[in-house]
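Below is one structure, written out as structure tokens; the observations come after it.
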Amino acid sequence: MKSHSNAIAYPGLPVVFAEGFRDYRKRISGHSHASFAITDAYETVKTETSAETVKAGVEFTFEGKRPADPRSSATMDVIREMISLAAERTGVNVSSINHGILTGSSDSGAAALVTALDDLLGLNLPLWQLNEIASRVSETAYRSLIGGLSEHVINDEGDVRIRQLKKASAFKDLMIYAIPFDLKRFSADDLHKRVSQHPRYSDRQLQVEYRLENLNNLARGGDLQGILELMESEARTVHQMFNDLGMEVIKPDMREVTELVQDMRSSSLKVYWNVAGGSTVYVFTLKKHAKEVTRELKDRGFKYKHFKVADGARVI
């Protein structure tokens, strides 16, 4: 057991979306899914979590405050559970801070938490068990734990298998532009809970199985363009479901970016978009097209940050 540990993790972005819950209280996903971990070009966009042993008690602070929300309650439960697995009894203080995260902070927060505690308490838990614990805070924590392009497969009995499909380094030829908008957003939990009421939600299982099989084939073949095409198709599907239920995530200002992407693609540029549940549009292209895409975004006055696919959580 150590006296102190620091860990970092990078936020996630869906490729095959994880909308809906099978069990909201336990944060069990409604179906399988897949994701990227992402960060900015300098890897400054991240969650950083510090944990230290103390004589007794458990304390958690987020950005210097003691939060009082359901995820924070789950965080306290996770800290206590991991302490119970340690060889020695101890108290633990945990502090966490987000740096520049636009979307996906619950994933990186959960991943950094269990990574720091695993190191602090000398547990050396396997990845599957770390994910099982972290998923009680965020059902998509796996994407920040593993990094790169990863998948979360859940069967009819609720058993989960996670694995990395492609390392972050395999995406070095991608250019990602993160374009944030200062707009009111829906909570992720509201989107998850409402979308399961969609009349076509029951059809998603088969659709997701097909797209995950396709994604695996594309990843094995190193087809970056195919992965991006599938990602945008998924985003279109899920956001149409949101819209059908009166939850317009992609507001008019954001839609200008998605429409510009379509216009650029009609001129033979390989460029694609993605929007999770927040107010940021992510534009993906291959680096050989980056000069033209950059010029188009600048000409339209869109302010962006360069992002990339990120590695998994780690102790620093």
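For this structure, a couple of remarks:
- Inclusion of VAL309 among residues that are of a type in the set (Val, Ile, Thr), closer than 30 Å to PRO126 by Cα and surrounded by fewer than 17 Cβ atoms within 10 Å (Cβ to Cβ) is not warranted.
- Screening the candidates LEU260, LEU191, LEU212 for the property of being at pLDDT 95 or above, aliphatic (A, V, I, L, M), surrounded by 20 or more Cβ atoms within 10 Å (Cβ to Cβ) and out of contact with any strand residue (DSSP E or B) (no Cβ under 7 Å at 6 or more places or on another chain) yields one hit, LEU260.
- Tally, over region 117-148, of residues that are in contact (Cβ under 8 Å) with a residue 40 or more places away in the chain and outside any loop (DSSP other than H, G, I, E, B): 11
- Flag if ASN155 is out of contact with any Leu (no Cβ under 8 Å at 6 or more places or on another chain) and within 23 Å of GLU209 (Cβ to Cβ): yes
- Test result for ARG220, at pLDDT 95 or above, closer than 29 Å to ASP299 by Cα, of a type outside the set (Asp, Glu) and out of contact with any helix residue (DSSP H, G or I) (no Cβ under 9 Å at 6 or more places or on another chain): no
- Test result for SER108, within 17 Å of ILE316 (Cβ to Cβ), in contact (Cβ under 8 Å) with a residue 40 or more places away in the chain, surrounded by 17 or more Cβ atoms within 10 Å (Cβ to Cβ) and in contact with a Pro (Cβ under 8 Å, 6 or more places away or on another chain): yes
- Residue count for region 174-186, restricted to those that are touching a Phe, Trp or Tyr at 6+ places or on another chain (Cβ under 9 Å), modelled with pLDDT of 85 or more and outside any strand (DSSP E or B): 0
- Residue pairs meeting the criteria (Cβ under 8 Å; at least 6 apart or on separate chains; first in a loop (DSSP other than H, G, I, E, B), in region 187-200; second among the charged types (D, E, K, R) and loosely packed, with under 15 Cβ neighbours inside 10 Å): HIS198/ASP244
- Search result, residues across region 47-56 that are of a type outside the set (D, E, K, R) and modelled with pLDDT of 95 or more: THR47, THR49, SER50, ALA51, THR53, VAL54
- Residue match in region 81-88 (condition: part of a helix (DSSP H, G or I), surrounded by fewer than 21 Cβ atoms within 10 Å (Cβ to Cβ) and of a type outside the set (Asp, Glu)): yes
- One residue from LYS65, LYS55 being surrounded by fewer than 24 Cβ atoms within 10 Å (Cβ to Cβ) and free of Cβ contacts under 8 Å to residues at least 12 places away in the same chain: LYS65
- Matching residues in region 167-203 - criterion: being aliphatic (A, V, I, L, M) and under 13 Å from GLY277 (Cβ atoms): LEU183, ALA188, LEU191, VAL195
- Test: THR103 is among the β-branched types (Val, Ile, Thr), touching a residue at least 12 places away in the same chain (Cβ under 8 Å) and outside any strand (DSSP E or B): yes
- Flag for SER72 being part of a loop (DSSP other than H, G, I, E, B), among the polar types (S, T, N, Q) and modelled with pLDDT under 95: no
The values are calculated or read from the model by the stated rules, or taken from the named source; none is laboratory data. These numbers come from a predicted model, not from an experiment. When we count neighbours, we look across all protein chains shown, and the Cβ atoms used for this are built from the backbone with ideal geometry, even at glycine.
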